[in-house]
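See below for the structure under consideration.
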Amino acid sequence: MIQAIAFYLFAAVVLISGAMTISSRNPVHSVLWLILAFFNAAGLMVLVGAEFIAMLLVIVYVGAVAVLFLFVVMMLDIDFAELRAGFVRYFGIGLVLAVALVCEILIGVFAWSAGGIDLARRAAPSEATVPNIVQIGNLLYSRYLFVFEGAGLVLLVAMIGAIVLTHRERSGARYQNIARQIARRPQDATRNMKPDVGQGVQL
Amino acid sequence: MTAFFNTTVGLPYGFAWFLATIIGILLIALPLMLAVAMIIYADRKIWAAMALRRGPNVVGPFGLLQSFADGLKVFLQETIVPAASNKALFLLAPIITFTVALIVWAVVPFQVGVVLADINVGLLYVLAASSLGVYGIILAGWASNSKYPFFSAIRAAAQMVSYEVAIGFVIISVVMWAGSFNLTAIVEAQKGLYGFVNGFGFNPLLFPMAVVFLISALAETQRAPFDLTEAESELVAGYQTEYSSMAFALYWLGEYANVLLMCALNATLFWGGYLPPFDWAPLYVVPGIIWLFAKILFFFFVFSWIKATVPRYRYDQLMRLGWKVFLPLSLFWVFLVSGVLMLMRVGV
């Protein structure tokens, strides 16, 4: 009973916020609706017993990715008239994409109602008693070790790529060298002088 | 408590669970609000004492009722919503901050089994909820439609995301050592280290991580010396500039609830949580909740002490500390801890 209520609540909020993401005028509002959608999707994950994935969804997407989205979108200077001009231009392609997506969803629904996939015959049947962090860990570090390491490698390459692409050496910029500042002693930087009257000091 | 309502009172299970959870939430949230009020007073008193001032001493005996007087004052103020602001988000932002500061307390264990939600991804829940905290601040800055709050929001976003990374790695080291994400299990794993102390912090391998966690916690809650988001000399009051009345009070309460939470996490992850500091039978007579509070208060004192004595960081120094010092250090420590754990397993 309460599961059904929770499911319909989360699912409805995901759908509504998904729709609001693409229909709201203000891009910041769009991102916020998207965050709400992520959050409720995490709720759905909890309902199916995948609490680890749910927490990761919130940490990674809501906590990091969406913050960066919001960060960028907040600083955008958006011309709404220009956006609406683009709407007519891309309407055809958008329509094709939408139709393709709807077809896929329909195929999915029909395939599922034709019998679905037997959960017991999955590649890695899950046991209800073992927490799913343990299950995922066991699988990742045994059966899927090379795929997992491969994914890690791809991420590493992407990370280095992002740094290489955005890093630029600015000539003339003066950086603070903390080690040098700390190593600097008063006797290196100052001199005690007793100049004669009218003589001044030589620097 | 669910069992009590279910069997003794005879309510259906669902309703009993609901009632027990509501009572549990109230049992945590109401004392927490009282604690926040007193801790604000304590903060001001400690700060004043270190500056050789008297601090609040007018309202009530020793000024103890100062926070309540302040609360009443803001409650009676008019809520001013700037005309150019984005009204819905402007009012939503403090609610997010306040809610997020409260929900994390659901997984903090006060005693064996005395925890609102004993979930096995407890620590991930903490990370997830604390990563939501940044929205309260970003939204406040953006929705105020005013330049100082906006600067503050941008600073806050970068700062909180940066230090969350370090906190994540610190947490991973602790989780590896304890072998669980469940906070109660982590506390229990700290029992009887070397046969006489309770706490990972006494382990020389994990102690540096306790220090990194403490400093990152300061940055995460935007306490001095990392209070760049509300640096009054540069940004008026940062993201809170346009807020007044209860919306402002929600930020105030949420901020201190977060500080208390970080102290509680520090106590739970490194200093034995509800366990007494030494594994000595007579100490266990004192209830665990008292030990936990003593540790929270001690760390709060450390926070106040730092606030009173350390000058504010510059923004580039803050970023340098987060990304160039803490991130490599904590990442290296993850390797070190896992290496040591593997070595310990060789003999077994």
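When a footprinting reagent is the concern and you count Cβ atoms within 10 Å, what order do B:326, A:71 take, fewest first? Let's see the in-between values first.
Working: B:326 24, A:71 18.
Neighbour counts put them in this order, fewest first: A:71, B:326.
Cα centroid distance between segment B:325-345 and segment B:72-119, in Å?
Centre-to-centre distance over Cα atoms comes out at 36 Å.
Can you check what the Kirkwood hydrodynamic radius comes to for segment B:1-65, Cα pairs only, in Å to one decimal?
Details: mean 1/r = 0.0688 Å⁻¹.
This gives a value of 14.5 Å.
Given chain A reduced to its alpha-carbon atoms as identical point scatterers, what log10 I(q)/I(0) does the Debye formula return at q = 0.09, 0.12, 0.18 Å⁻¹?
Per q value, in the given order, log10 I(q)/I(0) is -0.66, -1.01, -1.50.
Using only the alpha carbons of segment B:73-154, what is the convex hull's orientation-averaged projected area in square nanometres? Present the calculation step by step, with values, prior to reporting the outcome.
Details: hull surface 29.3 nm².
So the Cα hull casts an average projection of 7.3 nm².
What are the ³J(HN,Hα) couplings of segment B:309-326, residue after residue, when phi is run through the Karplus curve with 6.51, -1.76, 1.60 and θ = phi - 60°? Round to Hz, x for glycine and proline.
Listing the rounded values in order: 10, 9, x, 5, 6, 7, 5, 5, 5, 4, 5, 4, 4, x, 8, 9, 10, 6 Hz.
Please provide three numbers in whole Å: the alpha-carbon extents of segment A:128-167 along the principal axes, with the largest listed first.
48, 18, 8
Just to check I understand the Karplus step: with θ = phi - 60° and J = 6.51 cos²θ - 1.76 cosθ + 1.60, what whole-Hz values come out for segment A:44-55, glycine and proline as x?
Running phi through 6.51 cos²θ - 1.76 cosθ + 1.60 with θ = phi - 60° gives 4, 4, 4, 4, 8, x, 9, 5, 5, 4, 4, 5 Hz.
Bin by bin, in steps of 10 Å, what percent of the Cα pairs in segment B:223-270 do you find, going until the bin that has the longest distance?
24, 43, 24, 8
Report P(r) for segment B:77-345: all Cα-Cα distances, bin width 10 Å, range 0 to the bin holding the largest distance, values in whole percent.
7, 29, 33, 21, 8, 2, 0
May I ask for the Kirkwood hydrodynamic radius of segment B:162-241, worked out over all distinct Cα pairs and given in angstroms to one decimal?
Details: mean 1/r = 0.0695 Å⁻¹.
Evaluated on segment B:162-241, it is 14.4 Å.
Can you put A:104, B:255 in order of Cβ neighbours within 10 angstrom, beginning with the fewest? All intermediate terms of the calculation are to be shown ahead of the outcome.
Numbers: A:104 10, B:255 24.
The most exposed by this proxy come first: A:104, B:255.
Give the aspartates and glutamates reachable from residue B:87 as a straight Cα distance under 19 Å; neighbours fewer than 8 places away on the same chain don't count.
Those aspartates and glutamates meeting the cut-off are B:78, B:242.
Using θ = phi - 60° and the Karplus form 6.51 cos²θ - 1.76 cosθ + 1.60, what ³J(HN,Hα) does each residue of segment B:186-195 get, whole Hz, x for Gly and Pro?
In residue order, the calculated couplings are 5, 4, 5, 5, 8, 5, x, 5, 6, x Hz.
So what does log10 I(q)/I(0) come out to for segment B:106-226 at q = 0.13 Å⁻¹, using the Debye formula with one equal point on every Cα and no solvent?
Each listed q maps to, in turn, -0.61.
Which log10 I(q)/I(0) values, to two decimals, does segment B:154-296 give at q = 0.09, 0.15, 0.16, 0.17 Å⁻¹ under the Debye formula with one point per Cα?
Treating every Cα as an identical point scatterer, log10 I(q)/I(0) equals -0.34, -0.79, -0.87, -0.93.
What average number of partner chain Cβ atoms lie no more than 10 Å from the Cβ of the residues making up A:55-63?
Details: counts 11, 4, 1, 7, 10, 2, 1, 5, 13.
That average works out to 6.
What is the set of long-range amide H partners of residue B:278 at a cut-off below 5 Å, with H atoms built 1.01 Å from backbone N?
B:198
Please give the direction-averaged projected area of the C-alpha convex hull for the protein assembly as shown, in square nanometres with one decimal. Walk me through the intermediate numbers first.
Details: hull surface 156.4 nm².
Averaging across all directions leaves 39.1 nm² for the Cα convex hull.
Rule-based calculations on the coordinates, nothing more; no lab input. As the structure is a computational prediction, the values presented were derived from the model and not from experiment. Cβ sites come from the backbone with ideal geometry, for glycine too, and all protein chains shown count toward neighbours.
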